[in-house]
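Structure, as structure tokens:
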Amino acid sequence: MLIASTDDDETNLVTCGTAKTTGDVFTIARTRNANFFRTWSEYEGAFGVDFMVSTNILTANDIVRVVGLPAAIDVDPFAGGLVQMAEFEVMAGSDIAGQSVEQADKFDSITFAALVQDGDVRIARGETRIEAGNRVIVIGSPESVQSFSRTVASPESSEGGHDIVIVGGSDIGYHTAKLLEERGIEPRLIEQDADRGRELAEDLPGTIVLEHDATDTDFLVGEQIDRADAVIAATDSDEKNLLVSLLAQNIGVRRTVAVVEEGQYGGLFEAIGIDVAINPREATAEEIIRFTQKGQVENLSLIEGRQAEVVEIEVDEDSVLTGRSIRESVTELPADIVIGAITRDQEFIVPRGETVIEPGDHVVLFVATDVLSPVMDVV
């Protein structure tokens, strides 16, 4: 297998094409330009690439999933969309702040998987206390996760969600607007360059394109950007994304999401108050890992620098999970594992102690990375 993931699209494509001419090697290419991805999608094996990862489209999808849930930091679909994993920041004033997991667990189709405190991930137990500022990871049906998001968010941030402003007509900004349009949302997009603004206005009929400098506070207030539910900073500059996000917060925007190209800046952005920092490189790496793990797992999501993983597996008759209740089967598994959800014949099943998992079921597990290998050997 060859993975070409330099910062230059053409180099990655040439590398894969050359590898194909010299041997029977499976090739994976990372590209930013979505035109390459569209061509590859239409013509199987184009460029000598067996699997292409479109960084900008991946990032736009991550952004749209996050802004769709109040207080969400990370959202990933599993089991063909029947299951959702979401990580939320517990806001001051939210209903579950100060409660134990047992007290907060009032949702039929939600499983509390873990809490993140000061960067450390720990499995959620009934007695685990949830405090404002903690991050909580849940797994459940999309409807229940949506309902839960309104509980975990502060009262003011749990309302709205349709007034979205994108700053920057970059490729990521464009694809974010397009995805929002497809969901029935009419975003506003601020782009300083007049020529680029005209292109965007033509290509995005459901988006209001504003030609101006997004660091002009008077303009932001005049356009009532302060009333937006979220501002997405998606320019090609980390520094400008940070400035735009801070200005948006300063004028009263409820939520800020910033694209951060340099991975080491992500923690800094969030430490100084940016609600969500999304790193395209991390999104790309996760997608490549997800693909290379195919066969072992159906899908996966990496948690907090890979301290833990959420994995989807299809179990067979040899799995330790099948043919008996979950209460019995988990006695043969490490403590650092949570069965988050089950799907069977395209139906969502809530995992409870008496639930019996059958061969062919898809099971979504939260697993600490240090026990992942022995767990995968038996499930």
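The values are calculated or read from the model by the stated rules, or taken from the named source; none is laboratory data. Not measured: the values here are computed from a predicted model. Note that we place each Cβ from the backbone using ideal geometry, even for glycine, and neighbour counts take in every protein chain shown.
Some observations on this one:
- Checked against the criterion of being modelled with pLDDT of 95 or more, under 30 Å from Thr27 (Cβ atoms) and aliphatic (A, V, I, L, M), region 230-250 contains one or more residues that satisfy it.
- Boolean, Asn56 is touching a residue at least 12 places away in the same chain (Cβ under 8 Å), touching a Pro at 6+ places or on another chain (Cβ under 9 Å), not assigned by TED's automatic domain parsing to the domain that holds Asp171 and not acidic (Asp, Glu): yes
- Residue within region 35-49 that is touching a helix residue (DSSP H, G or I) at 6+ places or on another chain (Cβ under 7 Å) and assigned to a strand (DSSP E or B) present: no
- Candidate set: region 96-127, residues that are among the β-branched types (Val, Ile, Thr) and outside any helix (DSSP H, G or I); chosen: the one farthest from the chain's Cα centre (by Cα): Ile96
- Among the residues of region 167-188, just one is closer than 14 Å to Val257 by Cβ and in a strand (DSSP E or B), namely Val167.
- Against the test of being surrounded by 18 or more Cβ atoms within 10 Å (Cβ to Cβ) and among the acidic types (Asp, Glu), the options Asp62, Asp108 yield a single qualifying residue, Asp62.
- If you filter region 226-238 down to residues that are acidic (Asp, Glu) and farther than 13 Å from Ile274 by Cα, you find that the one that is surrounded by the fewest Cβ atoms within 10 Å (Cβ to Cβ) is Asp236.
- Any hit, region 289-302, residues being crowded, with 18+ Cβ neighbours inside 10 Å, of a type in the set (Ser, Thr, Tyr) and touching a residue at least 24 places away in the same chain (Cβ under 8 Å): yes
- Counting the residues of region 310-363 that are assigned to a loop (DSSP other than H, G, I, E, B), touching a residue at least 12 places away in the same chain (Cβ under 8 Å) and either acidic (Asp, Glu) or assigned by TED's automatic domain parsing to the domain that holds Val83 (or both) gives 6.
- Scanning region 179-197 for residues that are without any contact (Cβ under 8 Å) to a residue 12 or more places away in the chain and not acidic (Asp, Glu) yields one hit, Gly184.
- Residue under evaluation Glu87, criteria (1) among the charged types (D, E, K, R); (2) crowded, with 21+ Cβ neighbours inside 10 Å; (3) in contact with a helix residue (DSSP H, G or I) (Cβ under 6 Å, 6 or more places away or on another chain), criterion not met: (3)
- The one condition in (1) assigned to a loop (DSSP other than H, G, I, E, B); (2) touching a helix residue (DSSP H, G or I) at 6+ places or on another chain (Cβ under 8 Å) that Arg281 fails to fulfil: (1)
- Inspection of region 258-270 identifies no residue that is charged (D, E, K, R), in the same structural domain as Val167 (by TED's automatic domain parsing), at pLDDT 95 or above and not in a helix (DSSP H, G or I).
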